[in-house]
Amino acid sequence: AKAFGKAQLALYNDSLQEEVHQRLNLENALSEALARKQFELYYQPIVQVSAGRSHVVGVEALLRWWQGERLVPPDEFIPALEETGEIVEVGDWVLQQACTQVQQWQQDGLAGLRCSVNLSSRQLQEDGFAQRVATILKETGLPAASLVLEITESLLMRDVPDTLATLRELESMGVRIALDDFGTGFSSLGYLHRYPLHIIKVDKSFITKAPDDDRLKAISRAIIGLGRGLEMDVIAEGIETPEQMDFLHTEGCNFVQGYWFSRPQSASMIHPILVKLSAV
Ligand code: C2E
Ligand code: CA
Ligand code: CA
Ligand code: CA
């Protein structure tokens, strides 16, 4: 049994070493990615549905990494960027890029189009983050009211004393804050009271099965009601089917996002879709 244990341990060490090795490779490749212009933003429409008509109100910017021909999804590299701290620099690029693009689309006729950008906690913890946002808005010409910053509950959970001050500063500039992935992780209703939040995004894990799961239905309904009671906008994510659309419509959730309208696409691919979705 002992010999077997040793062999197991050696095997474990090997695979651990392999894992460390892969991680270092990933981090090395990532540290060059910005300079090599391997990052690209994809965009997904956020749609308002009322009286049976749909109308695009904004886009969410979603980061992609071109490693050669391979398009790497964010779940595979954002954690590494967060660990090395490079997410601060990359996140700054994302903000600049997204604001520039949406301002351009506004000029081209999509008046009032909103720009949603995902934030990492590291970015929000940077000194002077709100001022940095103000500078980017000024440089790109995007109105502050057109910018939505998406944060997650885990970011609020860290309870950094400055988080509240930064969020308040952003709010006073006219920027809106969305609470992403609501209901997953360690939700605390206290956050909704304590922090200046304007939008709740109902996580797609609830929406996906809601139409035929009574308990998920009840949860989704409660979140939508909560948002409405707090006079927040509620956006449902991950809408893929007409059944899900019907359900959300019945529950009075007017903002939706998902493959049903469009997958995230490059700026040039999404533009005609936005134009189509903006025609009332
Ligand atoms: P998220 O913010 O919750 O973004 C929504 C994710 O759901 C996106 O995955 C989107 O492609 C996907 N999605 C949208 N509609 C549907 C649908 O109908 N069905 C299904 N199954 N999925 C749908 P994506 O683009 O892979 O991004 C994953 C996560 O990576 C994001 O989750 C966000 O947390 C993070 N992320 C993406 N871009 C950035 C960024 O620029 N900065 C930071 N800090 N995080 C980012
Ligand atoms: Ca998001
Ligand atoms: Ca989300
Ligand atoms: Ca997520």
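Between Val20 and His55, the modelled labels are 5.8 nm apart [label points 7 Å from Cα along Cα→Cβ]. Compactness check for the chain: Cα Rg over 2.2 N^0.38 Å is 1.10. For the stretch 1-130, the fraction of alpha-carbon pairs lying more than 22 Å apart is 53 percent, rounded to a whole number. Using just its DSSP H runs of length 4 or more, each adding -39500 (n - 2.57), the chain gives a mean residue ellipticity at 222 nm of -16000 deg cm²/dmol after division by all residues.
What do you get for the angle between helix 161-173 and the principal long axis of the chain? Use alpha-carbon atoms, 0 to 90 degrees, nearest ten. Taking the Cα atoms of the chain, the angle to 161-173 is about 30 degrees. Placing dummy labels 7 Å off each Cα toward the beta-carbon, the span from Ala134 to Ser188 is 2.9 nm.
Of Thr163, Thr184, Thr250, the sequence from fewest to most neighbouring Cβ atoms within 10 angstrom is Thr250, Thr184, Thr163. To the nearest ten degrees, helix 267-278 and the longest principal axis of the Cα atoms of the chain are 30 degrees apart. Taking each residue as 0.36 nm, the span from Asp213 to Tyr259 lengthens on full extension beyond its C-alpha to C-alpha distance by 14.5 nm.
For the chain, a Gaussian network of Cα nodes joined below 10 Å ranks Asn25, Asn118, Asn254 by mean-square fluctuation, and the top entry is Asn25.
Compared with the dominant Cα axis of the chain, that is its longest principal axis, helix 129-140 is turned about 60°. To the nearest Å, what is the center-to-center distance of the stretch 98-149 and the stretch 183-262, using C-alpha atoms only? Their Cα centres are 24 Å away from one another.
Using the Cβ-Cβ distance between Ala35 and Glu126 with R0 set to 25 Å, the FRET efficiency from 1/(1 + (r/R0)^6) comes to roughly 0.75. Extents of the stretch 148-280, largest first, come to 42, 40, 23 Å (Cα atoms, principal axes, whole angstrom). Simple rule: put +1 on each Lys or Arg Cβ and -1 on each Asp or Glu Cβ in the stretch 108-219, find the dipole, and look at Gln125, Ala218, Ile151; the Cα lying farthest toward the positive end is Ala218. Its residues counted as N, the stretch 219-280 yields a C-alpha radius of gyration over 2.2 N^0.38 Å of 1.27.
As a proxy for reagent exposure, ranking Tyr259, Tyr42 by other Cβ atoms within 10 Å from fewest up yields Tyr259, Tyr42. Translational diffusion of the stretch 42-85, estimated by Stokes-Einstein from the Kirkwood radius over alpha carbon pairs at 25 °C in a medium of 0.890 mPa s, is 191 µm² per second.
Bear in mind that the values in this text are calculations on the coordinates, not laboratory data. Computed from a predicted structure; not experimentally measured. All Cβ positions, glycine included, derive from the backbone under ideal geometry; neighbour counts span all protein chains shown.
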